[in-house]
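Have a look at the structure below before the remarks.
Every number in this text was worked out from the coordinates using simple rules, so none of it is lab data. Worth saying up front: this structure is predicted, and the values here are computed from it rather than measured. Counting neighbours? That spans all protein chains shown, and the Cβs are built from the backbone with ideal geometry, glycine included.
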Amino acid sequence: MRLLFLNIYLLIILFVQTASSSSMLTDAQTITGDSDDCQRTMICPGEELIYEVSWLGVGLGQIRLQTGEPTWYDGERRHHATAVIDSYKNLPFVSVHARDYTEMDSNFNSRGCRSLEKKDGYWLGENYYYLIPEKILVVEKTKHERLSSPPTERATYDTLRITDSWFQDGLSLVYFARANVHRRDTLCVPTIVYEKVGATNFYFTGQKTTAEIAALKNPVRVVGFDGKAEFDGLFGLTGDFKGWFSDDEVSAPIKAEMKVLIGNITIELIQWKRPNWSPPVVVER
């Protein structure tokens with residue numbers, strides 16, 4: 001069910017480390033945020049985008065995407081992002097509380113990820129370490145009494161052989177799609193999903209259209225695309241999906257639709273925080 005939310009851009013599938021850690025998976029030097037980044041490029045340290053997930057018009061919960069400060073590691077610029085996923089209280093059929101973290105290279109390929117999900121009163125973690133030269137993916141599992149506490153249990157769960165030198169996790173997929181949405185191309189992206197390597201297909205057409213969201217009176221100018229998740233996620237999350245990202249340099253995810261076991265779900269932008277930006281709307285004349 002966690003992936004039901006986060007992998008909406010495929011979007012899936014989603015999702016490293018405890019919430020108190022900000023440098024993620026590698027020893028890296030933090031770069032002081034440059035406000036110009038938010039004017040010239042898609043990536044913007046401090047950006048926060050909040051989405052509501054709904055089914056048949058009923059709100060299920062929210063996803064909060066946060067972009068962190070970039071770092072340098074081994075001569076390479078790394079980007080960091082966090083997803084905070086919480087279902088609404090008192091829902092009869094879902095209770096989801098998860099934290100997901102990703103570390104990405106300059107092309108927004110995953111270079112490590114970590115997830116924490118609350119189950120039976122504990123926070124259970126999955127850490128993915130990529131040993132690219134050896135083409136090995138190390139999977140570590142942890143158990144925490146509290147979100148911010150060190151693990152009481154830690155063990156290497158598995159090591160997987162990988163054939164590709166680049167791939168995505170559930171959260172990095174969102175940023176990868178943002179970086180490529182204005183292209184006209186079909187991309188098959190290796191994707192790490194629950195200790196397995198699957199694939200996500202993006203069909204980028206550059207189609208410009210509009211999307212309506214409750215947070216704004218006027219329609220938003222967007223670029224639409226289709227995709228297909230070739231793997232099985234939680235709650236039957238698999239198969240075709242659609243996304244609409246803002247038609248500007250920011251390429252912010254505005255809306256998405258996908259199918260799960262209970263039917264069609266919608267993920268819609270409801271709040272945003274980014275310097276000198278709001279979704280580009282159609283101006284009435």
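Laid out as a table, the results:
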quantity	calculated
Reachable lysines, given that their alpha-carbon falls under 24 Å from the alpha-carbon of Lys135 and they are not under 8 places away in the same chain	Lys196
Sum of side-chain charges, Leu160 neighbourhood, beta-carbon under 10 Å (Lys, Arg +1; Asp, Glu -1)	+1
Flagged links, alpha-carbon separation over 23 Å, of Lys217/Lys255; Lys141/Lys255; Lys208/Lys228	Lys141/Lys255
Cβ crowding within 10 Å averaged over residues, with 140-146, 254-260, 50-56 ranked highest first	254-260, 50-56, 140-146
Within-10-Å neighbourhood charge of Arg274 [Cβ basis; K, R +1; D, E -1]	-1
Cβ crowding within 10 Å averaged over residues, with 162-171, 91-100 ranked highest first	162-171, 91-100
Rounded to whole Hz, the Karplus (6.51, -1.76, 1.60) HN-Hα couplings of region 240-247, x for glycine and proline	6, 8, 10, x, 9, 10, 4, 8
Within-9-Å neighbourhood charge of Leu49 [Cβ basis; K, R +1; D, E -1]	+1
Under-5 Å amide H pairs with Val260, H placed in peptide plane, nonlocal only	Ile265
Cα shape, region 124-222, gyration tensor, a/c 1.5 rule	oblate
For region 91-178: rounded, prolate or oblate by the Cα gyration tensor [a/c cutoff 1.5]	oblate
